[in-house]
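The values are calculated or read from the model by the stated rules, or taken from the named source; none is laboratory data. Note that the coordinates shown come from a computational prediction; the quantities given were computed from them, not determined experimentally. Here the Cβ positions follow ideal geometry from the backbone for every residue, glycine too, while neighbour counts run over all protein chains shown.
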Amino acid sequence: MKKFTVILSAALLLLAGTQANAQMSIGAGYVNSVESYKISKNADPSNNALNGFYAGFGYTIPVVSGLNFTPGVYYEFLTKGDATNIGGVANVSGKITEHYINVPLTFSFGAELTDGFRVFAYAGPTASLGLASTTQYKSNLGPISAGTNVDNYNNDGYGRFDILLGAGLGFEIADMIRLNVGYDWGMLNRYIGTTEGVSRKNTRLTAGVAFLF
């Protein structure tokens, strides 16, 4: 019992020390997400790029000297609009809008180059859950217009969930501001239909800023 009490006390002291050194961050940034769609295994992919932003928070926990672990929760918004003119008579447009919740679990390693200036590299997985994905179609023929909204997740071929593996670089200034840029590769095929050989995979480029507390 005495040994257990000593071990428990040491664990609580270690946890308290870790929490004392942990650092909260609130950040936002730009996202460029590219979906690569293939209708068969050997077909050339068709790429569709959406742009948007992310915003959320992270919690950096020191592990050992220079090595940190940062879980977080972030909201992501993506959109893209296209328009086509048919013979100068009719206009057809489509606008995609997507919303996600992303949970990154990243490890970073860095060093302070000068007083108040730290550089680091980071890598790790991100769990991504699609909250909503809609396509708004609109057509104009002279004075007549019509439109409709389509829920893309009602299509059995489009999955909500993905696991991304990412890496990036960044730096921190005065232990107050963090700037970073990274790239993520989607590991899962988001096509969940029954047609053999079809694939939908995503990649993401991100760049952002965070404020440290």
Pairs only if they're at least six apart or on different chains, beta carbon under 6 angstrom, first in segment 109-126 and surrounded by 14 or more Cβ atoms within 10 Å (Cβ to Cβ) and of a type in the set (D, E, K, R), second at pLDDT below 95 and part of a strand (DSSP E or B); list them, first residue then second.
Arg118/Glu112
Scanning segment 158-213 for residues that are acidic (Asp, Glu) and assigned to a loop (DSSP other than H, G, I, E, B), which turns out farthest from Leu129 (Cα to Cα)?
Asp175
Please go through segment 45-86 and pick out each residue that is within 17 Å of Phe109 (Cα to Cα) and not in a strand (DSSP E or B).
Ser65, Gly66
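Every residue, every condition in (1) surrounded by 15 or more Cβ atoms within 10 Å (Cβ to Cβ); (2) modelled with pLDDT of 95 or more; (3) among the acidic types (Asp, Glu); (4) over 17 Å from Tyr74 (Cβ atoms), yes or no:
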site	(1), (2), (3), (4)
Leu131	no, yes, no, no
Lys138	yes, no, no, yes
Ala146	no, no, no, yes
Val150	no, no, no, yes
Asn155	no, no, no, yes
Thr194	no, no, no, yes
Leu205	yes, yes, no, no
Gly208	yes, yes, no, no
Phe213	no, no, no, no
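Here is a yes/no grid of residues against (1) charged (D, E, K, R); (2) free of Cβ contacts under 8 Å to residues at least 60 places away in the same chain; (3) touching a strand residue (DSSP E or B) at 6+ places or on another chain (Cβ under 6 Å); (4) surrounded by fewer than 13 Cβ atoms within 10 Å (Cβ to Cβ):
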position	(1), (2), (3), (4)
Val34	no, no, yes, no
Lys38	yes, no, yes, no
Asp44	yes, yes, no, yes
Gly52	no, yes, yes, no
Phe57	no, yes, yes, no
Pro62	no, yes, yes, no
Ser65	no, yes, no, yes
Asn68	no, yes, yes, no
Tyr75	no, yes, yes, no
